[in-house]
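What follows is calculated from the coordinates using simple rules that are stated; it is not laboratory data. Quick caveat: nothing in here was measured; it's all calculated off a predicted structure. Ideal geometry is used to build each Cβ from the backbone, glycine not excepted, and the neighbour counts take in all protein chains shown.
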Amino acid sequence: MPVTPGDHSVKRADARRSQRVLLHIPIQVKGFPEDGIPITEDTTTVEVNAHGALIALAMRVRPGQKLVLRNWATAKEQECRVVHVKEIHDAKNEVGIAFSIPKPKFWNIDFPPEDWKPFEN
């Protein structure tokens, strides 16, 4: 299928800085709302990459907001920022988060090599 000038989803996928891995990793998310009282939520990732993740989150967040993630498997913590929020009615929202610098070891997995291509039917 040809790419049209308005087709941002294809361009966005092709422009990814690192491979995405669909993986549910238990995490804790700590948010810092404007009222100053930190909020925490236990949740999971939907997919991860060296630069961040897509997470399922009931907590209300906004793009640009800083969060702190705790990977329960390793007890490591990492600051990140919200890059996008996809609201899903009657479920947790999908929240894209990004690290300030790549942190592939935070997820405690080995990522596929850069030239890896998924199997196509």
- Quick one: plug the Kirkwood hydrodynamic radius of region 18-107 (C-alpha pairs) into Stokes-Einstein at 4 °C, 1.567 mPa s, and report D in µm²/s. 100 µm²/s
- In the neighborhood of PHE106, defined by Cβ-to-Cβ distances under 12 Å, what is the net charge if each Lys or Arg adds +1 and each Asp or Glu adds -1? +2
- Item | Cross-link partners of LYS103 among lysines (Cα-Cα below 24 Å; sequence separation of 8 or more within a chain) | LYS11, LYS30, LYS66, LYS76, LYS86, LYS117
